[in-house]
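Peer 1: Pasting a structure here, questions to come.
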Amino acid sequence: MAKQFWKGSALLAPVPAALVTCGNMEKCNVLTIGWTGIVCTRPPMTYISVRPERYSHDIIKDSGEFVINLTTSAMVRETDFCGVKSGRDMDKLEKCGFHIEPAANVSVPIITECPVSLECRVSEVKPLGSHTMFLAEIVGVDVDERYIDSKGKLNLQQCGLAAYAHGEYFALGRKLGDFGFSVRKKKKHRPADKGVR
Ligand SMILES: Cc1cc2nc3c(=O)[nH]c(=O)nc-3n(C[C@H](O)[C@H](O)[C@H](O)COP(=O)(O)O)c2cc1C
């Protein structure tokens, strides 16, 4: 198949469009972040890349803390809004009808309506060019109990996760498999199960 060769660009997709909170309970701001991901399991570490001109940039730089709140399809309009309006001009949390509550390990609040919130403490600030990367340890996770079943398993698919790909928002579709399913041995068919000996 023929390929076109484009110059290098930020075309990794899909990515989460996360709502990142910064500040504190008295004065909290939120912005939408697509440039984020997990970079280490132990210790659990993440990053967000933020342009220096964002209102949130210096708040995060000065406090050394932020919270990554996962969004859902139901919240996609608010997620977009928080990514095009600035906290310099308005209280975006109030405009979106979001509620905040204290996090367990950082001074930055979590958004009550979000199913999962990652409490992050910055360990490194790296200016890269257009964006500053805030490398951070995930020091706590807040999970909405509605999505935890009786066995303690988190069922994230139940919250209607959304994704962002090349300028567009998508609802995640049906489940295709789970970790390791490609190599997992199928359960043997046991005749006894059907009452045959
Ligand atoms: C889907 C989406 C993803 C975004 N991702 C980023 C990002 O990764 N880094 C960034 O600096 N800005 C990103 N933005 C833009 C900021 O969210 C936007 O400039 C916002 O108004 C900044 O808010 P603030 O001025 O209150 O900090 C994104 C916007 C949208 C809609």
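The values are calculated or read from the model by the stated rules, or taken from the named source; none is laboratory data. Keep in mind that what you see is a predicted model, and the values were worked out from it rather than measured. Reconstructed Cβ throughout: ideal geometry from the backbone, glycine too, with neighbour counts over all protein chains shown. Surface accessibility is based on the protein's heavy atoms, side chains included, excluding ligands, DNA and RNA. Shrake-Rupley method; radii C 1.70, N 1.55, O 1.52, S 1.80 Å.
Peer 1: Looking only at segment 153-189, which residues are surrounded by 15 or more Cβ atoms within 10 Å (Cβ to Cβ), out of contact with any Phe, Trp or Tyr (no Cβ under 9 Å at 6 or more places or on another chain) and not in a loop (DSSP other than H, G, I, E, B)?
Peer 2: Residues satisfying the conditions are L161, Y169.
Peer 1: Determine whether P52 is over 27 Å from A171 (Cα atoms), near the ligand (Cβ under 9 Å from one of its atoms) and modelled with pLDDT of 95 or more. Before the answer, list the steps.
Peer 2: On the way: over 27 Å from A171 (Cα atoms): yes; near the ligand (Cβ under 9 Å from one of its atoms): yes; modelled with pLDDT of 95 or more: yes.
So P52 passes the test.
Peer 1: Among the residues of segment 118-130, are any open to solvent by 50 Å² or more (accessible area, probe 1.4 Å), within 8 Å of the ligand (Cβ to nearest atom) and more than 26 Å from A13 (Cβ to Cβ)?
Peer 2: Taking segment 118-130 and keeping what is open to solvent by 50 Å² or more (accessible area, probe 1.4 Å), we get 121, 123-130.
Keeping just the survivors that are within 8 Å of the ligand (Cβ to nearest atom) gives none.
For segment 118-130, residues open to solvent by 50 Å² or more (accessible area, probe 1.4 Å), within 8 Å of the ligand (Cβ to nearest atom) and more than 26 Å from A13 (Cβ to Cβ): absent.
Peer 1: Moving to a separate point now. Can you say whether N24 is within 9 Å of the ligand (Cβ to nearest atom) and either within 16 Å of V67 (Cβ to Cβ) or not acidic (D, E) (or both), as far as the supplied structure shows?
Peer 2: No, not satisfied.
Peer 1: What do you reckon, is V108 under 28 Å from H166 (Cβ atoms) and hydrophobic (A, V, I, L, M, F, W, C)?
Peer 2: No: the conditions fail for V108.
Peer 1: Find the strands (runs of 3 or more DSSP E) located wholly in segment 1-108 whose residues include 1 or more that are buried (at least 16 other Cβ atoms within 10 Å of the Cβ) and touching a residue at least 60 places away in the same chain (Cβ under 8 Å), and list them.
Peer 2: Details: elements: 18-23, 28-33, 36-40, 45-50, 65-69.
Fully inside segment 1-108 and qualifying: 18-23, 28-33, 45-50, 65-69.
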